[in-house]
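Below you'll find the structure, written out as structure tokens, and then a few comments.
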Amino acid sequence: MSHTRNTGSMQASPRCGATTRSGVPCQAPSVRGKLRCRMHGGARRTGAPRGNRNACKHGLFSQEGIAERKQIRALLKESRAFLSTLK
């Protein structure tokens with residue numbers, strides 16, 4: 001093809017700059033009116049939902065769950081120590 005492409009405005013647009021997995025800044029153009037590109041949070045309705053109700057699904061990492069597992073570990077440690085004294 002012999003037609004020229006108009007890429008001047010694309011190349012002159014501000015870049016995202018978010019750090020990628022490889023550790024280099026993202027070179028994708030940022031979304032209009034935003035600082036990041038569409039892949040790094042510049043698009044509308046991106047990110048976690050407000051309030052994040054998904055975090056309390058099973059309670060494994062709640063304070064009560066952690067305290068319960070700590071008590072179980074202490075009880076197991078005491079019982080192993082008691083059983084070792086019986087031998």
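We did not get these values from a lab; they are worked out from the coordinates using the rules stated. Fair warning: this is a prediction, and the values are worked out from it, not measured in the lab. Positions of Cβ are generated from backbone atoms using ideal geometry, with glycine treated the same way; all protein chains shown enter the neighbour counts.
Annotations for the structure displayed:
- Being surrounded by 10 or more Cβ atoms within 10 Å (Cβ to Cβ), part of a loop (DSSP other than H, G, I, E, B), among the small types (Gly, Ala, Ser) and out of contact with any Pro (no Cβ under 7 Å at 6 or more places or on another chain) is a property that does not hold for residue 74.
- Residues of region 30-80 satisfying the condition of being touching a helix residue (DSSP H, G or I) at 6+ places or on another chain (Cβ under 9 Å), closer than 30 Å to residue 15 by Cα and free of Cβ contacts under 8 Å to residues at least 12 places away in the same chain: 46, 48
- Inside region 8-54, residues that are loosely packed, with under 10 Cβ neighbours inside 10 Å and not in a loop (DSSP other than H, G, I, E, B) make up a count of 7.
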